[in-house]
Structures are given as structure tokens and as C-alpha cells.
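Colleague: One structure is given below, represented as C-alpha cells, and several questions about it will come after.
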Amino acid sequence: MTVKITSLADIDAALVEALLDRAFGSDRRGRTAYRLRAGTRPIDALSFAALDGDGALVGTLQSWPVMLAVDNGAVEPLVMVGPVAVVPDQQQGGIGKRLMAALMAAAAGGDPLMMIGDPEYYERFFRFSAAETADWRIDGPVERHRLLAHNPLGRPIARAGRIVPRIDARFACGEQVA
């Protein structure tokens, strides 16, 4: 299948929400990852859409501004990757990998990436790992082995701290942070 990767900012938000509901269910908003994104909007330069040959939306990848509030009082900017969503009848066809490849190219040289995801898949194909996240804390339940990081510059990331939304003028959406 022919798939075109484009900026998610060019896609109608209602279509994105409908795809996310199809891929993850309408109860998805109660998940821990949604709490981490509260009050922010996706980072346009790191969020992508996959369109099929007819121009229909078949996949999305959103990236969000978060930060690690380090236990010593410092903060480290991070980019939270996800959700990565593909319409159910097209999963396993490589669309998610194409979206991730676009992200990895766009994020090269930038802030470290983090996600809650399948460690076997994301480590194997995209070098995400739980090695640096063992002492990161998140408000809400998370399976520790699924809290992953990728550091494109290889600089040290703090080992202990709390992941929180990074809200500033560039990313604020006006929602209340719980």
C-alpha cells in the first residue's frame, strides 16, 4: 500500500480523534499517558499523519512536551512519544514503523524522547530502553518496564525525578492540569 507521511497539523482534529478511538477505544483518555499531556498540545514538528493513496487518514503519531522534574530541583525537557495509532485493519503493515522513522529523523539532535510502550518492539527497532528510567516517577499506574527513553544526543539523563507536563507559551492549550 502507498502511504504518505505528512504533518499532523494539516489533519482535521476530529479525524485524528476518531482514529484514536478506533485504535485504542473511547476510554483511552483515562490512561496515565493522558495525564502526562494534560494542559499541552502536540509538538507540530514531531507529530505525523499517514495517509493512504486515496488521502484517507490511516495512522498518527503525536509527540508532547514533558519534562523530568529532577529530585535535585533541576528540570530536563523531554518529548513524550505517543500515541502511535494505526487503523485496526491496517496494523502490522509497517505504517507505525514509517511514522516512527519520520519522528526519529525529525528528532535527531533534539531533546531526549520518552514513551510508555512495548519495550521489545521499541528497543529492537528504535533504540528505546528502560535502562535510564528505573527511578522516574509518574502520576498514575505504569508498568515500569514499559517506561522507555531514547537519547539521540547520548547526553546523560537524570536517573531520578518525576515526569510532568511541560507547559509554556509554545505548548499550552488552555486545559486545566489536574
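The values are calculated or read from the model by the stated rules, or taken from the named source; none is laboratory data. Since we're looking at a predicted model, the values are computed, not measured. Every residue, glycine among them, receives a Cβ derived from its backbone with ideal geometry; neighbour counts consider all protein chains shown. When the accessible area is computed, the model is the full protein with side chains, heavy atoms only, and any ligands, DNA or RNA have been set aside. Shrake-Rupley method; radii C 1.70, N 1.55, O 1.52, S 1.80 Å.
Colleague: So what's the projected area for the stretch 1-99, the Cα convex hull averaged over all directions, in nm²? Numbers along the way, then the final one.
Modeller: Numbers: hull surface 28.1 nm².
Projected over every direction and averaged, the Cα hull of the stretch 1-99 covers 7.0 nm².
Colleague: Further question: Apply the Karplus curve 6.51 cos²θ - 1.76 cosθ + 1.60, θ = phi - 60°, to the phi angles in the stretch 64-73 and return the couplings in whole Hz, x for Gly and Pro.
Modeller: Values, residue by residue: 10, x, 10, 8, 9, 7, 5, 4, 7, x Hz.
Colleague: Normalising by the residue count of the chain, find the relative contact order in percent from Cα pairs under 8 Å and 6+ residues apart.
Modeller: So the answer I get is 27 percent.
Colleague: Then there is this: Taking the mean number of other Cβ atoms within 10 Å as a proxy for protection, how do you rank 94-102, 53-61 from highest to lowest? Could you put the intermediate results ahead of the total?
Modeller: Details: 94-102: 18.8, 53-61: 17.2.
Put in order of decreasing packing, that is 94-102, 53-61.
Colleague: Expressed as an acute angle from 0 to 90° and rounded to the nearest 10, what is the orientation of the C-alpha long axis of helix 95-107 relative to the principal long axis of the chain?
Modeller: The answer is roughly 50 degrees.
Colleague: While we're here: If you take every DSSP beta bridge fully contained in the chain, what fraction is antiparallel? Give it as a percent rounded to 5. Write out the running numbers ahead of the final one.
Modeller: On the way: 30 of 35 bridges.
The antiparallel fraction comes to roughly 85 percent.
Colleague: Another one. For Met67, enumerate residues with amide H under 5 Å from its amide H, sequence gap 5+ or separate chain, H modeled in the peptide plane.
Modeller: Placed amide hydrogens put Leu78, Val164, Arg166 under 5 Å from Met67.
Colleague: Starting from the Cα of Lys97, step 7 Å along the direction of its Cβ; do the same at Arg124; then give the gap between the two resulting points in nm.
Modeller: Distance between the two pseudo-spin positions: 1.0 nm.
Colleague: If you roll a 1.4 Å probe over the chain with all protein chains in place, what percent of the accessible area is carbon or sulfur?
Modeller: Numbers: 4570 of 8900 Å².
Reported share for carbon and sulfur atoms: 51 percent.
Colleague: Along the stretch 33-49, what does the Karplus equation 6.51 cos²θ - 1.76 cosθ + 1.60 (θ = phi - 60°) give for ³J(HN,Hα), rounded to whole Hz, x for Gly and Pro?
Modeller: In residue order, the calculated couplings are 4, 5, 5, 5, 9, 4, x, 10, 10, x, 7, 4, 5, 10, 10, 9, 10 Hz.
Colleague: Here's another thing I want to ask about it. Ignoring ligands, DNA and RNA, what accessible area per residue does the stretch 22-112 give at 1.4 Å, in Å²? Each step should come with its number before you reach the end.
Modeller: Working: 3770 Å² over 91 residues.
The answer is 41 Å² per residue.
Colleague: Going toward the positive end of the dipole of the stretch 22-90, with +1 on Lys and Arg Cβ and -1 on Asp and Glu Cβ, which of Val81, Ala38, Gly59 do you reach last?
Modeller: Positive-most Cα among the choices belongs to Ala38.
Colleague: Let me ask another. Quick one: Karplus J couplings for the stretch 58-63, per residue in order, coefficients 6.51, -1.76, 1.60, θ = phi - 60°, nearest Hz, x for Gly and Pro?
Modeller: Calculated HN-Hα couplings, in order: 10, x, 9, 9, 10, 10 Hz.
Colleague: Roughly how big is the chain's charge dipole about its Cα centre, with Cβ charges of +1 (Lys, Arg) and -1 (Asp, Glu), in debye to the nearest 20? Each step should come with its number before you reach the end.
Modeller: Details: 20 positive and 21 negative charges, 71 e Å.
That gives a dipole near 340 debye.
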